[in-house]
1. So residue C:190 fits all but one of (1) at pLDDT 95 or above; (2) closer than 25 Å to residue C:100 by Cβ; what number is the exception?
2. Quick check on segment D:93-106: of everything there that is touching a residue at least 24 places away in the same chain (Cβ under 8 Å) and crowded, with 23+ Cβ neighbours inside 10 Å, which residue is nearest to residue D:158 (Cα to Cα)?
3. Quick test for you: out of B:85, B:76, pick the one residue that is at pLDDT below 95, touching a strand residue (DSSP E or B) at 6+ places or on another chain (Cβ under 9 Å) and within 28 Å of residue C:97 (Cα to Cα).
4. Any idea which residue in segment D:1-29 is modelled with the lowest pLDDT, counting only those that are within 7 Å of another protein chain (Cβ to nearest Cβ) and within 22 Å of the chain's Cα centre (by Cα)?
5. Only residues that are farther than 16 Å from residue C:93 by Cα and either at pLDDT 50 or above or surrounded by 15 or more Cβ atoms within 10 Å (Cβ to Cβ) (or both): list them for segment B:199-209, please.
6. Could you check residue A:109 against (1) more than 26 Å from residue A:197 (Cα to Cα); (2) surrounded by 24 or more Cβ atoms within 10 Å (Cβ to Cβ) and say which number it fails?
7. Just one of A:176, A:197, A:185 is within 27 Å of residue A:62 (Cα to Cα) and either in a loop (DSSP other than H, G, I, E, B) or free of Cβ contacts under 8 Å to residues at least 12 places away in the same chain (or both); which is it?
8. Enumerate the helices (runs of 4 or more DSSP H) found wholly within segment A:52-163, keeping only those where 1 or more residues are closer than 25 Å to residue D:80 by Cα and more than 10 Å from chain D (Cβ to nearest Cβ).
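The values are calculated or read from the model by the stated rules, or taken from the named source; none is laboratory data. Predicted model only: the values in this text are computed from it and were never measured. All Cβ positions, glycine included, derive from the backbone under ideal geometry; neighbour counts span all protein chains shown.
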């Protein structure tokens, strides 16, 4: 590319990555992250009582289900965001990469929380780690909206006036998960229950009730 | 978005998720769930007799093959369903999420059943868990059709008159797997064989024979 | 659907699954099967000499690379086949399911062969299992072509006259892997080397040299 | 296909694989390779102090994050490359297969490096292996560009004059990772830090600054 071509490129999208491909890769990573969660469960060994094993790892099963549904909600949010992104630049790619790193990491604190609740030791630590992981991951959405609000040219035209409202809404998730981290200091099971409530709330509440300000 | 825009949104699909994307994520999770099954097999250690190891874990290999084909059938059913879904709302997303959770969980009871059959202990428990997991997962299809019958606006026009028949057909799977759970109380291998028969039946029977009422 | 509609359906493709979706699911399973292979390698433990560990598991690394490239070749063949499939019926879906089951299983004999070669025991058994797995998987392509030759209506028009030649070509893979199974009885490393040669041959040989009869 | 048809095929793309499908499979493998990295982390056991476990495996967490972002950068480079590829031939498929093999292998040296840094033994070996793996993988891009420069017919017309510049740029990655391998002989943590710097540089530096010669 000579310098004329470079000038031309400056006009064009700064990256050859159409948003569709970024979405496809993100979908792949999110689907895998959700499906890998099951590998952290402990399959009963030959000779082990199956119901006793299930009963013993009820906390792990609960954490597995909550994380699975939470990752699906992250996926819905991811699509809502990229639905209004018209162009991708490097910073957006990097922030999206951090988001995917967070989502791919979720299986780790999920397994740690399940085991700690089963063992009855250090479960506050594990619940704090779990809630902070979800807070940081959800916070990546806020970072993405913060960046998009400052760079409205990356947004589809109709979405630009709504970036501030979207940024404000994106702070609800991190705030709730930070609250869950505080709750974890008192009760790890209550913290997991709060994360379950958040997942249920975001899944089932009709949009027009949940987003009155938009 | 101001209140006029909200009103307009109420007319539009209630979610920015086109059904194509929901299908793509579901395909991803289903493909991964099927492929992860192999990780639960026990690879012969150095020095272990390979044929003896295979012979010993014949039940695990059988459960692996049955689960793999069953998950492929779930995938076919999933496409038949989303083929006629015109719009996705939050409840549908949630029910689809439960279905995917069930499919991603299948590797757990599959491995448990294989190991219990190898160990010759608690195999009735493991076979009940296996059959109930498949019944619950297949039941998510019934739940989806129940919801779609009650919300025909989500269906493509030509599919609306057929929702009742589709719901009725979707009850066959759960019923057969509940029968397999009862059989498991008598014989775990017979229960797995029944699940294999169900998979073979749904895979190979021509559609017009299988669905006379439609 | 009433009986008139059923009659109409008999004319239409017998399944709501477009070939594109079958290809997408197959791509997903093939990609995952190839990528999971790495999980069977033994990561050096803290304190373990890294080069010694690599040297010790050289057979596992070789089997990993051969299987990875072989799965990629299966993928190329899969596309060449579905490139000329115009319609999918249930039997085709079932045969494709067996093919995917075979591909998803490859990581098991790959790991078994690597460990047996490292342990220096039962490596003939493991190499036979490895070669037979590849023969059976490659044989699924022959089964698919056999079925397509007998049901030319499923093929795109231009491909129908070429089905016999494609079937004949599809027998080369299984034959070579059966030969590798025989070689395994004499020398397991030679059998793996033959599988590597097959992979190299199918990857690098120009098509017009490889398929003189077509 | 008779000999006339063969001649015709020589004019047509030498493979029925559209570049879109190669990209889709590559995307799948890259997404899985990135997501599997988390499985090599050590989840705290019941009763284990969670913060102590995290502190102990800080090197593994750092290697995980660096590898995750590095794989995402490989993905961006992969798209930039296939963005200008108009046709795929067998050699290109083979080189792309080697690239994917390298990417799918990254989790192995990542885990080895994390464990060696934790154990404080043989960490130079592990860091050399890590850097050489990244160098070889990045070198596959150079091999691809070398081949494309020699076979410009595979490139989109507008991209042909830029192949030499692209090849030159593609040598930066391998050179930096070879430098990291040399640094590893002195200090394994410094080598990992260099890999992190490379990832940060390629992620965040604006294109027009990073590629002055193009």
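1. That leaves (2) as the condition not met.
2. D:96
3. B:85
4. The qualifying residue modelled with the lowest pLDDT is D:21.
5. Within segment B:199-209, B:208 is the sole residue that qualifies.
6. It fails just one condition, (1).
7. Matching residue, one of A:176, A:197, A:185: A:197.
8. Answer list for segment A:52-163: A:58-82, A:90-105, A:123-150.
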